[in-house]
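The values are calculated or read from the model by the stated rules, or taken from the named source; none is laboratory data. Nothing here was measured: the structure is a model prediction, and the numbers come from that model. In this analysis, Cβ positions are derived from the backbone assuming ideal geometry, glycine residues included, and neighbour counts consider all displayed protein chains. Calculation scope for accessible area: heavy atoms of the full protein, side chains included, ligands and nucleic acids excluded. Shrake-Rupley method; radii C 1.70, N 1.55, O 1.52, S 1.80 Å.
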Amino acid sequence: MGEQHENENGRTGTKNQHQQKKKKKKSEFEFCKACNINHDQGLRHKYFPNHKKSLSTFLSRFRKKLSDVRFFLNAPIPLNPQLASRNRFWCVFCDQHIDELNSSFACANAIRHLASAEHVKNLKQFFWKYGGAADQLDAFMVSDDDVDKWEKKCTARKDEASEGSRRTVIGPSSDEMSIRYLVQDSPELPLVLPLQKFALVQIIFLCKILQLDVVAFLSLMMVDNGQVMVTPVIKRTHWLVNSLVRENGRMVSGESSHQGVQMVTQISTGSAGGKVFSEEPPPWLGTTDEVQMRSSNKLGKSKKLNSKRVGAAWVEKRKIEMEKERRGESIRNECDSNWLPNFGRVWQSGSRRESRKEFEREKQKLNVETQSEMAIKIKPYVSKRMRMDSGGDYASG
Amino acid sequence: MSDMLTTFTKKKEVDTIIRDTFDKVVVLRFGRASDLVCLQQDHILSKAARDVSKFATVALVDVDSEEIQVYLKYFDITLIPSTVFFFNAHHMKMDYGTADHTKWIGAFYAKQDFVDVVEAIFRGAMKGKLIVNCPLPPESIPKFQILYKDV
C-alpha cells in the first residue's frame, strides 16, 4: 500500500513538470512578416484566416514589383549609369537590397539574384513557414532557361551597339515575342508600369532608344486609379494606353490562355475594356491661346478723360442735345440769341452766375431809359403864357 | 496776318464756338484789324495756332461790330487787344499779377509766351480749376491801368 502510494505521487509529479514546460513554450512570441505582428500562436498561426489575407496581399504586392523585372527580362535595355541608383530592388524573401551600380543592363543583378540557388532556398523556406501555396513558387523565381535567353539578347544588343548600325527594336520577330509574352504572362503580370518607377529622364531615355517622339509619348500618358500608367510598345508609331482590370487580385490558372487571347484581340482592335486614348490635341495648347487672348485684351484698352475737368457735366448734356438736334427731335429756341456764358467780371463780388444776372439787369435799365426819353420827346409844346393863364384861373377860382 | 484766323462779327458765331467746342481751350481776341498792337497780337496768334491746335482753338472778334457790343460790355473790355479764354463754355481766369484776372490785355512779346499761357490754362482746366497762376515772369506781362467801374 505504501509503495502504491509512492508510485502515484511520482506520476503526478511528472505530469506537473510536463505542464510547466508547455506553458513556457506557449509564452514565446514570434514575428510574422506577412501580418507584421508579434504573435504567440505557434505554428498554427499560418492557418488563421487573417494571416491568409495578409499573406495574399503581401505576395501580390511583391508580384507587382517583379513585373517590372520581368519586363526587362524579355526586353533587355542598356542601363544609364546616372539611373543605376534608382533601379534597385528589395527581396522580401532574402531580406537584402540588390543594387545595379555595376551592371550595364537594367535589372541585371535582380534577374541573376532571382535565378540563384540561395534565393530559391529562402523562397521555399518562406513558403513553408508562412503557408503559401506551392504552385505559386514559379511566379517568384526565374528559371535558368530564361536567364540564358536573356543573356543571349544582351549579347546581341551589345553586338548591335558595337557595329553601330541601329536596327528597329520592333520587327516581326519582336512582335512574335511580344505576343508570346502576352499569352504566357498576361494572367499574372499586368501590362502596366506605374510611372513611380520611371523618372521623366528615364522615359525620355526610353524614347530615344526606341526612336520615338518624346512629345508624342508624353502626351499619351494618362492618369488611371491615381497612378500615371505607361504600356510597353506594341506598335512602332505610338503607344497604347490601356489598363487591365483584375478581379480581387487573383487569376485562375485554367482561364489563363483564354484571357490572354482576349487581351491580344483587345489591343489589336484598340477597343479595350479600360480607357483608350483618343486623338485629342494636348491640353496645354488651349491654355496658351487663352493667355494670348488675355494679353490682347489688355492692349486694346484706351484712356478716358478726367471726369473732374472743367465743364464735364456740361459737355455730356451738350452732346446729348446735339444728338437730339441731329435726329430733328428738338429745335433751337430763339432764347439762345440772348445766351451768355458764365463770365467772372473784373469787379465780381459773388459767383459767376450772379455777375451774369447783374449784367442782364444793367441791360434792362438801359432799355427803360431809352423808352422814357422817347416818350418825353413825343409830347406837344405848351407855351409859358398858356400855363400861367391856366394856373391863374385855378388860383383865383 | 488777321486773314489766317477766323474773324467773327456776329454774336451767334461767338456763341457757337464757345458752346460747341469740347475739351479744348477757346481763345477769343477782341480787337480791330486796323490797330497796330492788334496786328502784332494777331501775328503771334496765327503763328502759334497750328502748334496748339490739339488743345486750343483761336479766333478773332471784331469790336466794331454792332452785335458784339453786348460782349464788350459784359466782358468789361475797354482796352484792346483783349484776349479771353473759355473751356467747355466756362470762362477761365488767370492771375497775371495785374488787377484784371479775366483777360489778357496787350500783345504777347513772343510766341512761346502765348503757348505757355494756353498750356497752363489747359492743364488747370483738366484738373477742374477755374483760375490758374501765370507761368510767365512779371517782365513779360504788359502793364496797364484800369479805373473803378464807371469812374
Cα pair count fraction exceeding 22 Å, expressed as % - the stretch A:37-160
42
Counting DSSP beta bridges in chain B, what percent are antiparallel, to the nearest 5?
50
Given a Förster radius of 30 Å and the C-beta distance between A:Lys121 and A:Glu28 as r, what FRET efficiency does 1/(1 + (r/R0)^6) yield to the nearest 0.05?
0.75
Computed Rg/Rh of chain B, alpha carbon atoms with Kirkwood Rh
0.92
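Taking all protein chains in place and a 1.4 Å probe, what share, in percent, of the accessible surface of chain B do carbon and sulfur account for? Walk me through the numbers before you get to the answer.
Values: 3800 of 7140 Å².
That fraction is 53 percent.
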When A and B pair up, the total accessible heavy-atom area removed from solvent (1.4 Å probe), in Å² to nearest 100, is 3200
Probe 1.4 Å, all chains present, heavy atoms only: A:Lys317 accessible area in Å², nearest 10, is 140
Roughly what would the spin-label model give for B:Lys10 and A:Lys158, points 7 Å off Cα along C-beta, in nm?
11.0
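Please return the longest range in chain B lying between exposed loop sites, taking chymotrypsin sites (Phe, Trp or Tyr not before Pro), DSSP loop only, at most 13 other beta-carbon atoms within 10 Å, and leaving the sites out. Could the numbers behind the result be given before it?
Working: sites that count: B:Phe144, B:Tyr148.
The answer is B:1-143.
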Name the residues of the stretch A:345-365 whose accessible area, probed at 1.4 Å, falls by at least 40 Å² once all protein chains are in place instead of their chain on its own?
A:Arg345, A:Val346, A:Trp347, A:Arg352, A:Phe359
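Rounded to the nearest whole Å², what accessible area per residue is found for the stretch A:37-160 with the 1.4 Å probe? List each step's numbers first, then the result.
Numbers: 7070 Å² over 124 residues.
Solvent-accessible surface per residue comes out at 57 Å².
Over the whole of A:304-312, what's the average partner chain Cβ count within 10 Å per residue? Rounded to a whole number, please. Could the numbers behind the result be given before it?
Details: counts 0, 3, 5, 1, 4, 11, 18, 11, 4.
Mean shielding by partner chains, rounded to a whole number: 6.
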Taking each full run of DSSP H in chain B as one helix, which ones are at least 18 Å long along their axis (Cα atoms) and have mean Kyte-Doolittle hydropathy of at least 0.5?
B:36-49
For B:Lys127, the net charge from surrounding residues (Cβ-Cβ under 10 Å; K, R +1; D, E -1) works out to +4
Loop-located GluC sites (Glu not before Pro) in the stretch B:38-122 whose Cβ has at most 11 other Cβ within 10 Å (DSSP)
B:Glu66
